[in-house]
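The structure appears below as structure tokens.
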Amino acid sequence: MSQGKNGLTYAEAGVDIDAGNALVDKIKPLVRSTRRPGADGEIGGFGGLFDLKAAGFSDPVLVAANDGVGTKLKIAIEAGIHDTVGIDLVAMCVNDLVVQGAEPLFFLDYFATGRLDPDQGAAIVSGIAAGCRQAGCALIGGESAEMPGLYRDGDYDLAGFAVGAAERGQLLPTDDIAEGDVILGLSSSGVHSNGFSLVRRIVDKAGLAWDAPAPFAPERTLAEALLEPTRIYVKPLLNAVRGTHGIKALAHITGGGFPDNIPRVLTGDWSAEIDLDAIDAPPVFGWLRREGGVADEEMLRTFNCGIGMIAVVAAGQAAQVAAVLNQAGETVTSIGRIVPRRDAGVIYRGTIAL
């Protein structure tokens, strides 16, 4: 083929196809580490395959979710720590699947950057693979897009897409939620992946560098502490759902906190009465509240405040469900109950200790 007079190349325009190929080679072992029944192919094709029958389902309903990491990525980029945000990416998707009673089956990612750095990309995908292993789902494909002019060198964004399945008739929430049902709270690992525009504003106000000791966890840098990955609740919850048949509803406490997320799994007949005195909030939330002068109501709507997932359980089975979850490594606290509908979907009692 003849070369044009100016001899321009795609690489000179800022897109390095060789770097993309190098990234694929680096991440192939990571992808293989996420294989599970139903998915055993290699990446590099035009699409990923999954065999539902091989996964053990007989009459499945598919459930899909997608999400991102948000501005938590800015901390990762500025601090140069890239191997944990992939866990957040998976968590934000698969935690939304499990609340519907679905088992996550496979995951795909979208990674967009201004200039593709294969080592940076491989670090990110190592976190995605770790998250997939925690959730028991296969990483069956993805896309890496190099877009100079749209992103600055070093900047990137992530999006994730997860598909799960549940046998027909076993989806959550159930239709038998009743007055007196117990609300169990599963502890979060920290801020998770919501509210980071406010977090970053507070850090800027405090004048702290990312490599400074975290005021609420001085054994770690501020960046390391704030980048603590979102907890993935999938395996313990699926074990409890299938093993006890006592869970009526689950709610992932993400953006919007208690008041916006819990009502999503309740019909108009019911409200959730939450005992704030029962919640043991990690120190990071107290620091954010004090340093930012954030009101309690704003904290409860912006952050998880220590509870990353809630389960609505029949009162007579609450102890059994809690025991199964505790045995799987979760920290579980009874934080409320279901009451007849009042003016709000969530009613607070007591005061959260921040």
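I'd like to know if segment 221-233 contains one or more residues that are closer than 26 Å to Val332 by Cα, part of a strand (DSSP E or B) and either touching a residue at least 60 places away in the same chain (Cβ under 8 Å) or in contact with a Phe, Trp or Tyr (Cβ under 7 Å, 6 or more places away or on another chain) (or both). No, the conditions are met nowhere in segment 221-233. Scanning segment 131-168 for residues that are in contact with a helix residue (DSSP H, G or I) (Cβ under 7 Å, 6 or more places away or on another chain) and on the phi > 0 side of the Ramachandran plot yields Gly136, Gly154. The residues in segment 279-291 that are modelled with pLDDT of 95 or more and open to solvent by 30 Å² or more (accessible area, probe 1.4 Å) can be counted, and the count is 5. Residue check: is Val312 of a type outside the set (Gly, Ala, Ser) and crowded, with 22+ Cβ neighbours inside 10 Å? So Val312 passes the test. Summed over segment 245-277, the residues that are assigned to a helix (DSSP H, G or I), open to solvent by less than 30 Å² (accessible area, probe 1.4 Å) and on the phi < 0 side of the Ramachandran plot give a count of 5. In the set (1) among the small types (Gly, Ala, Ser); (2) modelled with pLDDT of 95 or more; (3) open to solvent by 10 Å² or more (accessible area, probe 1.4 Å), Ala344 fails one condition alone, (2). Where helices (runs of 4 or more DSSP H) sit wholly within segment 280-354, those with at least 2 residues that are more than 30 Å from Gly207 (Cα to Cα) occupy 318-327. Counting only strands (runs of 3 or more DSSP E) that sit completely within segment 137-212, those holding 2 or more residues that are in contact with a Cys (Cβ under 8 Å, 6 or more places away or on another chain) and either among the hydrophobic types (A, V, I, L, M, F, W, C) or surrounded by 17 or more Cβ atoms within 10 Å (Cβ to Cβ) (or both) correspond to 138-146, 156-167.
The values are calculated or read from the model by the stated rules, or taken from the named source; none is laboratory data. Note that the coordinates shown come from a computational prediction; the quantities given were computed from them, not determined experimentally. Note: ideal-geometry Cβ built from the backbone for every residue, glycine included; neighbour counts use all protein chains shown. To get the accessible areas, we keep the full protein, side chains included, count just its heavy atoms, and leave off ligands, DNA and RNA. Shrake-Rupley method; radii C 1.70, N 1.55, O 1.52, S 1.80 Å.
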